[in-house]
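These notes concern the structure reproduced below.
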Amino acid sequence: MASALSLFIGAITAAAGRSVFVLGLYDVVAALSISVSLVALVHLARWKPGAVTTVLGMLCALLWLGSFRVVDAWLFRLEQGQEVARQSPELAPEFIAAGAETPLELVDAGLAAETGAPGVRGALRVGMRGGVVVSRAFGVSRVLPAPQWAVGLGLALEAAFVALIVARALQHLAHEPVCAVCGRYLRRKSLGTCQTGEIERLAAAWAEGERAVPRISGTRSVAAAFEDTCPVGHSAQPGYAILRLRRRGLARQVPGPLADLPPKTGS
C-alpha cells in the first residue's frame, strides 16, 4: 500500500509540475502527502512502526522520485509529439528522412539520435543532460545549466529530504500510546500547560499507582498535559501524559514524553 501510494503521489506531482513548477515545491508536497497518508494507513492497520521506519521512508522516497521522473519524461515526450503534430507540414522532410509515420515516431527518432535511446528512456536522458529546472510556468522553463553528476546529486538530495520527513513522521507515531484492549491509537486531548513542580508531583504519583489528575497552570510552560482515551470506548478511566513542548531557540531539550499514566480498562 505504501508503494502504491508513493507511486501515485509521484505521478500526480509530475503531472502538476508540467504546468507549474518551482524547485523544491513538490518535494515538500510529496513529503507531507506521503507522511499524512502513511500515518492514516498505519492508524487504520493498527500497526506500531518500529525499526523499519527509516527503510520505509527511503523506499517511499525512491518510489516517489522514480514515479515523478518517469511520468515527467513521458509527459515531456507527449508534449514534443503534440508540437511536432502542429508543425507537420513544415517537418515533412524530417518525417521522410527518419522513416516516421507519426509525430511520436519522429520524436523518438530525435531522442534516439540525441541520447541513444528512444521513448521514455531517451526523454529521461534529456532531462538529466538539460540541467536543473528552477521554475516552469505553462511551457516556459528556467533551467540552470549543470553537469549530470550535479543533477544526480540534486535528485539524491530530493530523495533524502522526502525520506527524512516520512521516517520522522513514522518515528513520532511509534511513540504514540495504543489501547491495551483493541490496539487502536489512543485519542489524545490537550488539557493545557503544567509547571515543573506539577510535573514532578504527577511523575511521583503515577509511579506509585495513584491516578492523579494534572493541575493546569494556564501560564507559559515547557510542558503540556494531555488526556488519553480509547477511541472506541475501552477506557474506564482516562490516561494522562505530560509532553515537553517544542520551543524555538538554542535549548538542547528534546520534545517528547516526560511522564505518562495509561488509561484504565475494564469496569
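Average accessible surface for region 8-66: 49 Å² per residue, computed with a 1.4 Å probe over protein heavy atoms with every protein chain in place. Of the GluC sites (Glu not before Pro) found in region 172-242, those that fall in a DSSP loop while having at most 13 other beta-carbon atoms within 10 Å are 208, 210. Size of the chain: Rg and Dmax of its alpha carbons, in Å, are 26.7, 89. Restricting region 182-248 to trypsin sites (Lys or Arg not before Pro) that sit in a DSSP loop and have at most 12 other Cβ atoms within 10 Å of their own Cβ leaves 220, 246, 247, 248.
Restricting region 4-95 to GluC sites (Glu not before Pro) that sit in a DSSP loop and have at most 15 other Cβ atoms within 10 Å of their own Cβ leaves 90. If you plug the beta carbon distance of residue 211 and residue 54 into 1/(1 + (r/R0)^6) with R0 = 30 Å, you get a FRET efficiency near 0.25. Based on Cα contacts under 8 Å between residues 6+ apart, region 41-110 shows a relative contact order of 25 percent.
Please state, as a whole number in µm²/s, the translational diffusion coefficient that the Stokes-Einstein equation yields for region 103-204 at 4 °C and 1.567 mPa s, with Rh defined as the Kirkwood radius across alpha carbon pairs. Approximately 67 µm²/s, per Stokes-Einstein.
The values are calculated or read from the model by the stated rules, or taken from the named source; none is laboratory data. Source: prediction; values computed, not measured. Here the Cβ is made from the backbone with ideal geometry for all residues, glycine too, and neighbour counts use every protein chain on show. Heads up: the accessible areas ignore ligands, DNA and RNA and are worked out on the full protein's heavy atoms, side chains in. Shrake-Rupley method; radii C 1.70, N 1.55, O 1.52, S 1.80 Å.
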